[in-house]
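What follows is a short report on a single structure.
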Amino acid sequence: MRLLASTRSVIALLGVAAVILAGCADGNRRPARTDAGPCQIVSNGTPMPKPPAPAQPSAPPTTRDLATNPEIGTGYRSDMTAVRTSTYAVATANPLATEAACKVLRDGGTAADALVTAQAVLGLVEPQSSGIGGGGFLLYYDAAGNAVRAFDGRETAPVAATENYLRWVSETDHTVPKPDARASGRSIGVPGIVRLLDDAHRQYGKKAWRDLFNPAVSLADQGFDISPRLAAAIDDADAQLRLDPAAGGYFLNTDGSPKPVGTRMTNPAYAKTLGAIASEGAKAFYTGDIARAVVAAAADTSGGRTPGAITEQDLAGYAVKHRDPLCTTYRGREVCGMPPPSSGGIAVAATLGMLEHFPMSNYKPARVDLNGGHPSVTGVHLVSEAERLAYADRDRYVADTDFVPLPGGSPETLLDGAYLTGRAALISKNHTMGVAAPGDFAPPMTVPPAPEHGTSQISIIDSFGNAASLTTTIESAFGSFHMVDGFLLNNQLTDFSAEPVSAEGQPLPNRVQPGKRPRSTMAPTLVFDKTGTQRGPLYAVLGSPGGAVIIQFVVKTLVGIMDWNLDPQQAVSMIDFGAANTPVTNVGGEHPLVDTVANGDRDQLVEGLRALGHQVSLADQSSGLSALVRTSAGWIGGADPRREGVVLGDAG
């Protein structure tokens, strides 16, 4: 995979500088400029030099590499400080999207209103991660009703899909889809995000739907400059983008080279698409010209690509699922996550349920600084072991519950207190378990892990007390590489298992089935105080992109905030760590406090974990966390230094 040279420093030097809000200080650093209006992004003072030229790999990345690796790491912005606001706040992965959404909140909009604007802008300025050709999961807190709502806007398999849809071309042609499952039309699921936004806005919006698209339409028409992260992503995927004439024509120069940082981009086709959606609502996307264009793009066979089977009927029939949020307790607070087909909520809740049996506050990071300090060996070990056990159950049992029931018919079986007590007892403080066995529930199943990486996070609190945590995705970076009417189509169906049965001949829960939603790891999260046994005030809003590693990113942030008393910026800035159900434990090598020289042999944390038997990976992590936490004076927020995100709100 092609990486920018000196990835630790690229975003630190080139990303958007830390934002400062009018009338408030940027954390504990310099006061804000008094001439900046609310939500206006201003520089923190240091001019940004040009980036170094991208490093050239010895061989171009393969499609397989791009399908199994997350979005490339683009460095770390050191010493970011938390942003304090008074009554509303928003964090997205791109400053332009944050600013546009913040202005909606400033002008009296709700979290549902701001979501629409944020997603529309992100689809333009961060198209490698999310967009209207993808899907997402939303947790929404309705303050007036003190209710949490879970919106499932996950993509679906077309009605014509068979269990071998990703496996081979047809029942008579057992060759694999070309050029591979991801870049063929077979990976494209029926998009859900536009319908999700429309549903949420109809229930909780206050602003006129059509006005919420104005910022994105204006940017698409007038242009925006390619950011360092987008430029790195284009450079990394240029060979695959060339497979699609529309994508290649948009992201690449006329000579076929990747468009570099600072290139002015306009997207009149996207502006036209958004204009139609703004005028006619979601039906403009799911019927008519746009729907026909999506179907044609998925069916395109140019360059020898295997076509997909999406029809106009698939699009017209798409519906958002309204599911029961998955709420459990941790350290006296209520933690609400997303139920299946996302596995993120169950895995996060199971991990926390096991960690509740350990005095995690005794294992705080040492020498805490703006970057989160040095996590303790014991703290990282315990979190990683609990995650191994949670992933083991997630991998075996969780899929789309409309097709495959959970053990016992609900999440309660996997999250039962007595069951998690028994799972926690399997954790040794002295040695890693390496690979955990899943719990023994019938029927036994095995669900191979699937990649999911082209993802973004939006966290919002409005002045009415409502909140939204939306994790939104097109799956891998640039999705399926199919571009239509100014936006990219997802490759979400590669989150299914391509093989329909296990080695033992058992049907796999996460196999392809018509109308089914592939399992996800997305974990949008809301946290509440508790008043006795009742839900109390909203305490925190958070989430992250990152594919199968999302669980680890969210858990380390929750533990950082609730066990280790870190502010949200310190918690998201802290070293990314954790483990799936393999012997490998991740320690993010992009972090400035991790010594990666000599494969980490001189790093105290790495040495300590290896002494406990962990196989430590120092690969750069590409989390995109954001977290907003209530304080006595309002809200305090943090955005991930590994991406370009910022937090904005009213004066704190």
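The values are calculated or read from the model by the stated rules, or taken from the named source; none is laboratory data. These numbers were taken from a predicted model, which means no experiment stands behind them. As a convention, Cβ positions derive from the backbone with ideal geometry for all residues, glycine included, and neighbour counts pool all protein chains shown. These accessible areas exclude ligands, DNA and RNA; they are computed on the full protein's heavy atoms, side chains included. Shrake-Rupley method; radii C 1.70, N 1.55, O 1.52, S 1.80 Å.
Some points to look at:
- For region 215-257, the set of residues classified as touching a Pro at 6+ places or on another chain (Cβ under 8 Å), acidic (Asp, Glu) and within 20 Å of Ala271 (Cα to Cα) consists of Asp221 only.
- Scanning region 163-208 for residues that are free of Cβ contacts under 8 Å to residues at least 24 places away in the same chain and not in a loop (DSSP other than H, G, I, E, B) returns a single hit, Arg202.
- Residue count for region 469-484, restricted to those that are in a strand (DSSP E or B), more than 9 Å from the chain's Cα centre (by Cα) and either surrounded by fewer than 24 Cβ atoms within 10 Å (Cβ to Cβ) or at pLDDT 95 or above (or both): 3
- Only residues that are closer than 19 Å to Ser469 by Cα, assigned to a loop (DSSP other than H, G, I, E, B) and either in contact with a Leu (Cβ under 9 Å, 6 or more places away or on another chain) or hydroxyl-bearing (Ser, Thr, Tyr) (or both) were counted across region 623-641, and they come to 3.
- In region 371-389, of all residues being within 18 Å of Val572 (Cβ to Cβ) and small (Gly, Ala, Ser), the one that is surrounded by the most Cβ atoms within 10 Å (Cβ to Cβ) corresponds to Gly372.
- Evaluation of Leu219 against (1) free of Cβ contacts under 8 Å to residues at least 12 places away in the same chain; (2) open to solvent by 30 Å² or more (accessible area, probe 1.4 Å) (one fails), failing number: (1)
- Checking Ile575 against (1) in a loop (DSSP other than H, G, I, E, B); (2) open to solvent by less than 20 Å² (accessible area, probe 1.4 Å); (3) over 20 Å from Lys364 (Cα atoms); (4) in contact with a strand residue (DSSP E or B) (Cβ under 8 Å, 6 or more places away or on another chain), the condition it does not meet: (3)
- Number of positions in region 192-209 that are open to solvent by 30 Å² or more (accessible area, probe 1.4 Å), among the hydrophobic types (A, V, I, L, M, F, W, C) and in contact with a Ser or Thr (Cβ under 7 Å, 6 or more places away or on another chain): 0
- Subset of region 634-652 (residues that are farther than 20 Å from Glu590 by Cα, at pLDDT 95 or above and small (Gly, Ala, Ser)): Gly634, Gly637, Gly649
- In summary, strands (runs of 3 or more DSSP E) completely within region 259-355 and bearing 1 or more residues that are among the aromatic types (Phe, Trp, Tyr) and surrounded by 18 or more Cβ atoms within 10 Å (Cβ to Cβ) occur at 326-330.
- Checking each residue in region 84-102 for being farther than 14 Å from Ala468 by Cα, assigned to a strand (DSSP E or B) and open to solvent by less than 10 Å² (accessible area, probe 1.4 Å) picks out only Thr85.
- A Cβ distance below 7 Å, combined with a sequence gap of six or more or placement on separate chains, defines the contacts here; from region 462-475, residues that are touching a residue at least 12 places away in the same chain (Cβ under 8 Å) and within 13 Å of Ile193 (Cβ to Cβ) reach residues that are open to solvent by 10 Å² or more (accessible area, probe 1.4 Å) and of a type in the set (Ser, Thr, Tyr) in the pairs Glu475/Thr494.
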